[in-house]
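Reading through the structure tokens given below for one structure.
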Amino acid sequence: MTIELRNLTKRFGSLTAVDAVDMEVGDGEVLCLLGPSGCGKTTTLRMIAGLEFATEGEVLLGGKRVNDLAPRDRNVAMSFQFYALYPSLSVADNLAYPLHAEKMSKSEIERRVAQVAKTLQLDGILHRTPSQLAEGEKQRVAVGRSIIRDPNCFLFDEPLSRLDVQLREEMRGEIKEVLQDLSRPTVIVTHDQLEALTMADRIAVMRDGRIEQVDTPHNVFARPANLFVAGFIGTPQMNLLPATLKGAQGQVATFAVAGDQEMTIEVDRKIATLAPGAQVTLGIRPRNIELSAEPVADGIASKIDIVEPMGAETLAHLNDGHHDLRLVTDWRVPLTEGDRLHVRFPPGATHVFAEDEQALRSAS
Ligand code: ATP
């Protein structure tokens, strides 16, 4: 089973909520649609489920076009939140509920409830009602209810958004395990990057109805395709520093940054495709910047503006009146607000984004 979207577009009047999306979710693959509020994630999910008609383009399930099929004929399981349990029904009856509509025999219902209970480790609590369950157990029952019909694929909209931080952390891991066992294509909508990074096999980053990058969690973090993805993924946010290319020799390029500073660093070899004078944005993660007591050729001087202890690490904001950089160091490194210091951009740690906001990146 696969989910394929081809040129999928949804317009509400003059607003294009989903704009020519092409995407494929493989059998057993978990894909997270990640992006800021209003970028079209839910609308995309609703078109796959059949709850929203596509203005243009196609939805294919298992290679078959389903645009004209009603939601129930698509055999997809869509759950908005893992939460709406019937308070007066036992766990077993909550699990069985979706099967009653299918006119299934009692023995088959019992078989499926037992199977799902085993998968989700609910065997011991089948007789309890939701009020007698811990939050994590409720969550698992709700997951069980969406998988018990054995649908073709799973669609989840912000599944963990109502949980507190600790439970979210626990459930991310658990849900990932459950979904792996189910071997169905699954799309999870979230605006929480940690949720996406931990649960997804691949992440599709969306902005303004378009997909900016579809890639593994590692690659959207380590090889962002453009400025938007670079700035959206990662906490604290990647430093994005406007610069002018002075010249390049192979992979070693010299850039001028505001405040009459220059630095010569090793970047992607595609830098050779830009002419001197090109305006670029340099991107470096706060954890990749190195401190130096002495002036360095592969970095710049700056001043410590604000120091924020974060437990094991310290986040420092550097600002010399021309640029703003965030730097994360081990908590033991002494940092004093107002001090001047030098920062290095180590070889290979800096991303270069051209004027069109695309990353300069040679194929690996
Ligand atoms: P969120 O994370 O806030 O739910 P989202 O990425 O899921 O956001 P959508 O809910 O898909 O975004 O909405 C995309 C755009 O389409 C938004 O601008 C929204 O206001 C608009 N929109 C969604 N549904 C409708 C509708 N039924 N009628 C008109 N506009 C709509």
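We did not get these values from a lab; they are worked out from the coordinates using the rules stated. Just so we're clear, the structure is a prediction, and the values are computed from it rather than from any experiment. Note: ideal-geometry Cβ built from the backbone for every residue, glycine included; neighbour counts use all protein chains shown.
Of the trypsin sites (Lys or Arg not before Pro) found in region 309-364, the ones in coil according to DSSP and having at most 10 other Cβ atoms within 10 Å of their Cβ are Arg332.
Here's the picture: a label point sits 7 Å out from the Cα of Asp150 along the beta-carbon direction, and within region 100-141 the residues with their amide nitrogen under 17 Å of it are 100-120. Global size of region 1-147: 17.9, 53 Å for Rg and Dmax (C-alpha atoms, Rg to one decimal, Dmax whole). Evaluated with a Cβ-only charge set (Lys, Arg +1; Asp, Glu -1), region 141-288 carries a dipole of roughly 320 debye about its Cα centre, given to the nearest 20. When DSSP beta bridges are restricted to pairs lying wholly in region 134-214, around 50% turn out antiparallel. Once every Cα of region 239-353 carries one equal point scatterer and solvent is ignored, give the base-10 log of I(q)/I(0) from the Debye formula at q = 0.10, 0.15, 0.22 Å⁻¹, two decimals. Taking Cα atoms of region 239-353 as identical point scatterers yields -0.28, -0.62, -1.21. For the chain, the residue among Tyr97, Val30, Pro295 whose Cα projects farthest onto the positive side of the dipole built from Cβ charges is Tyr97. Given R₀ = 35 Å, FRET efficiency for Leu194-Lys246 by Cβ-Cβ distance, to 0.05? Calculated transfer efficiency: 0.35.
Remark: C-alpha extents of the chain on the principal axes read 77, 47, 36 Å, sorted largest to smallest. Fully extending the segment from Asn75 to Ser107 would add 9.3 nm, taking 0.36 nm per residue of separation and subtracting the current Cα-Cα distance. Kirkwood radius, region 97-174, all distinct C-alpha pairs, inverse of mean reciprocal distance: 13.7 Å.
In the chain, the calculated helix contribution to ellipticity at 222 nm averages -7000 deg cm²/dmol per residue, counting -39,500 (n - 2.57) for every DSSP H run with n ≥ 4. Each Lys and Arg Cβ is given +1 and each Asp and Glu Cβ -1; about its Cα centre, region 58-164 then shows a dipole of about 260 debye. Taking the alpha carbon gyration tensor of region 175-323, multiplying each eigenvalue by 5 and rooting it gives semi-axes of 34, 21, 13 Å, largest first.
Using only side-chain charges placed at the Cβ, +1 for Lys and Arg and -1 for Asp and Glu, the dipole size of the chain relative to its Cα centre rounds to 1040 debye. Computed extension length for His127-Ala272: 45.4 nm, one decimal, from 0.36 nm per residue of separation with the Cα-Cα distance subtracted. Whole-Hz ³J(HN,Hα) for each residue in region 206-217, computed from phi via Karplus 6.51 cos²θ - 1.76 cosθ + 1.60 with θ = phi - 60°, x for glycine and proline: what do you get? Ordered by residue, 3J(HN,Hα) equals 10, 8, 6, x, 10, 8, 8, 6, 10, 6, 5, x Hz.
Between the alpha-carbon centres of region 154-221 and region 273-323 there is a gap of 31 Å. Name the shape class, rounded, prolate or oblate, that the alpha-carbon gyration tensor gives for region 230-299, where a ≥ b ≥ c are the square roots of its eigenvalues, rounded holds for a/c under 1.5, and otherwise prolate holds if a/b is larger than b/c and oblate otherwise. Cα axes put region 230-299 in the oblate bin. Placing a label point 7 Å from the Cα of Leu15 along the Cα-to-Cβ line, no residue of region 172-198 has its backbone N under 15 Å from it.
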